[in-house]
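This report refers to the structure that appears directly beneath it.
The values are calculated or read from the model by the stated rules, or taken from the named source; none is laboratory data. Everything numeric in this text was worked out from a predicted model, so none of it was measured. Neighbour counts run over all protein chains shown; Cβ positions are idealised from the backbone, glycine included. Protein only, heavy atoms only, side chains kept; ligands, DNA and RNA dropped before computing areas. Shrake-Rupley method; radii C 1.70, N 1.55, O 1.52, S 1.80 Å.
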Amino acid sequence: MTGLVSLVDVLFQFYFYMILVYVLMSWLPNVRESFIGELLGKLVEPYLAPFRRFIPPIGGMLDISPIVALFVLRLAQNGVYAIIGYLS
């Protein structure tokens with residue numbers, strides 16, 4: 001089971017950093033139009049879209065939905081760890 005926990009940890013960490021990089025890319029002009037920006041968008045936007053639908057930007061500009069999405073991702077990671085621990 002240790003190998004499974006390690007794999008789950010790597011996958012969650014990788015996705016966490018993908019979201020973080022994608023959000024930071026919004027601060028730089030024209031970076032999201034690059035190949036990597038578009039690839040990250042295709043992988044990250046489906047997860048971020050529900051959060052953006054329910055959490056409006058603050059003041060019309062500040063989007064805090066990625067922060068909530070990262071928090072929920074961590075909760076899901078802990079839930080998967082609990083399930084794996086229960087099964088072993």
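List pairs: first residue in region 74-88 and aromatic (Phe, Trp, Tyr), second residue part of a helix (DSSP H, G or I) anywhere in the structure, Cβ distance under 9 angstrom, at least six positions apart or on different chains. Qualifying pairs under 9 Å: TYR81/VAL5; TYR81/VAL8; TYR81/ASP9. Among residues of region 69-78 being among the hydrophobic types (A, V, I, L, M, F, W, C) and open to solvent by less than 50 Å² (accessible area, probe 1.4 Å), the one that is farthest from PRO46 (Cα to Cα) is ALA76. State yes or no: is LEU11 assigned to a helix (DSSP H, G or I), under 29 Å from SER88 (Cα atoms) and in contact with a helix residue (DSSP H, G or I) (Cβ under 8 Å, 6 or more places away or on another chain)? Taking the combined requirement at face value, the residue does not satisfy it. If you go through region 1-45 and pick out every residue that is loosely packed, with under 12 Cβ neighbours inside 10 Å and of a type in the set (Ser, Thr, Tyr), you end up with 3. Please count how many residues of region 55-78 are over 16 Å from the mean Cα position of the chain (by Cα) and either closer than 28 Å to LEU4 by Cβ or not small (Gly, Ala, Ser) (or both). Counting residues in region 55-78 that are over 16 Å from the mean Cα position of the chain (by Cα) and either closer than 28 Å to LEU4 by Cβ or not small (Gly, Ala, Ser) (or both) gives 5. Taken over region 22-44, the criterion of being more than 14 Å from ASP63 (Cβ to Cβ) and assigned to a helix (DSSP H, G or I) is satisfied by PHE35, ILE36, GLY37, GLU38, LEU39, LEU40, GLY41, LYS42, LEU43. From LEU7, LEU28, LEU24, LEU48, which residue is of a type in the set (A, V, I, L, M, F, W, C), within 30 Å of ILE84 (Cβ to Cβ) and free of Cβ contacts under 8 Å to residues at least 24 places away in the same chain? Testing whether each residue is of a type in the set (A, V, I, L, M, F, W, C), within 30 Å of ILE84 (Cβ to Cβ) and free of Cβ contacts under 8 Å to residues at least 24 places away in the same chain leaves just LEU7.
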